[in-house]
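> Got a structure for you, questions after.
The values are calculated or read from the model by the stated rules, or taken from the named source; none is laboratory data. In this text, all values refer to a predicted model and were calculated from it rather than measured experimentally. Glycine gets a Cβ as well: all are built from the backbone with ideal geometry, and neighbour counts include every protein chain shown.
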Amino acid sequence: MDCEKNLEKELLAPYMHLLQVKSKQFRNKIVLAFNYWFKVPDDLVQNALNAMTMTYNASLLIDDIQDNSIKRRGIEAAHCIYGIPLTINTAVHVLVLALKQELDLVPAALGGKIFVDHVLDVIYGQGVEIYWRDNFMCPSEKEYKEMVQQKTGAMLLYGVKLIQVLSDDKRNYDDFVKLLGFYFQLRDDYCNLKQLEALEEYPEKEDESVCV
């Protein structure tokens, strides 16, 4: 057991590497804005945001492997340094740590459902995009919108739901959050073509290198 604990730093090294450079954290700001209505104490909101951020960053480790990216946030992608096997293991490790933090925050049954429902949507949306790319398929506008609502909207909705479950405000914001996710991804895709420095994942500080 002591040996396993001593390896915690090494096992999470790809994740810590990614955290060296902060993104612009647009997702966190969007989710945090909903607390204007939810009125949840700051410490609980921060715990919910931490769980969402861990989940999102874990997905980036896998995303870079799937896209064969060599850079993330202006630095070398984690799998290029630590290898694909360890990076995948780290991503799964962090996902479970995020779930554990979530279950410490909200009732287990409800917390598990929020995690599974929304993270599964994110994974499905990402899979659809990969399938289109690898099979040289151009989606219709309707198909693209549906994919984005899963890939991006579900991650935002995951964060919003984590905070809302702690609030007395039980109004349904799902469609609004998904719409925000659609515009967020549409903007990000445009910036990826025209203005890299405006991307959420572009380094927060000025950097000479280009983030893939």
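> Out of the stretch 148-160, which residues are polar (S, T, N, Q) and farther than 15 Å from Asp188 by Cα?
Within the stretch 148-160, just Gln150 meets the criteria.
> Residue check: is Ala98 in contact with a Ser or Thr (Cβ under 7 Å, 6 or more places away or on another chain), touching a residue at least 40 places away in the same chain (Cβ under 8 Å), buried (at least 21 other Cβ atoms within 10 Å of the Cβ) and not charged (D, E, K, R)? Can you show your working first?
Details: in contact with a Ser or Thr (Cβ under 7 Å, 6 or more places away or on another chain): yes; touching a residue at least 40 places away in the same chain (Cβ under 8 Å): yes; buried (at least 21 other Cβ atoms within 10 Å of the Cβ): yes; not charged (D, E, K, R): yes.
In short, yes.
> Residue by residue through the stretch 123-175, note down the ones that are of a type in the set (Asp, Glu) and over 28 Å from Asp104 (Cα atoms).
Glu129, Asp134, Glu141, Glu143, Glu146 - these are the residues of the stretch 123-175 that are of a type in the set (Asp, Glu) and over 28 Å from Asp104 (Cα atoms).
> Name the residue that is surrounded by the fewest Cβ atoms within 10 Å (Cβ to Cβ), counting only residues in the stretch 79-95 that are under 16 Å from the mean Cα position of the chain (by Cα) and among the hydrophobic types (A, V, I, L, M, F, W, C).
The selected residue is Val92.
> Still on this structure, please answer the following. The conditions are (1) part of a loop (DSSP other than H, G, I, E, B); (2) closer than 16 Å to Ala154 by Cα, and Asn57 fails exactly one of them. Which is it?
(1)
> Between a first residue in the stretch 112-135 that is in contact (Cβ under 8 Å) with a residue 60 or more places away in the chain and more than 14 Å from Val96 (Cα to Cα) and a second residue that is β-branched (Val, Ile, Thr) and outside any helix (DSSP H, G or I), which pairs have beta carbons less than 6 Å apart while being 6 or more apart in sequence or on different chains?
Pairs that qualify, where the first residue is in contact (Cβ under 8 Å) with a residue 60 or more places away in the chain and more than 14 Å from Val96 (Cα to Cα) and the partner is β-branched (Val, Ile, Thr) and outside any helix (DSSP H, G or I): there are none.
> I would also like to ask the following. Report yes if Gly181 is at pLDDT 95 or above and crowded, with 19+ Cβ neighbours inside 10 Å, otherwise no.
Taking the combined requirement at face value, the residue does not satisfy it.
Table: residues versus (1) of a type in the set (Lys, Arg); (2) at pLDDT 95 or above.
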residue: Thr55; (1), (2): no, yes
residue: Lys71; (1), (2): yes, no
residue: Ile75; (1), (2): no, no
residue: Cys80; (1), (2): no, yes
residue: Gly83; (1), (2): no, yes
residue: Thr87; (1), (2): no, yes
residue: Thr90; (1), (2): no, yes
residue: Val106; (1), (2): no, no
residue: Ala109; (1), (2): no, no
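> Now a separate question. Could you look through the stretch 2-40, keep only residues that are without any contact (Cβ under 8 Å) to a residue 24 or more places away in the chain and closer than 30 Å to Ser167 by Cβ, and pick out the one that is surrounded by the fewest Cβ atoms within 10 Å (Cβ to Cβ)? Reasoning before the result, please.
Narrowing the stretch 2-40 to residues without any contact (Cβ under 8 Å) to a residue 24 or more places away in the chain: 2-10, 16, 29, 32-33, 36.
Checking the rest, the ones that are also closer than 30 Å to Ser167 by Cβ come to 29, 32-33, 36.
Working: Lys29: 11, Leu32: 19, Ala33: 11, Tyr36: 7.
Among those residues, the one meeting the criterion is Tyr36.
> A further question follows. For Ile123, only one of the following conditions fails: (1) β-branched (Val, Ile, Thr); (2) more than 13 Å from the chain's Cα centre (by Cα); (3) within 27 Å of Gln185 (Cβ to Cβ). What is its number?
Failed condition: (2).
> Taking the stretch 126-147 as the region of interest, how many residues are within 13 Å of the chain's Cα centre (by Cα) and under 17 Å from Tyr190 (Cα atoms)?
Within the stretch 126-147, residues that are within 13 Å of the chain's Cα centre (by Cα) and under 17 Å from Tyr190 (Cα atoms) number 0.
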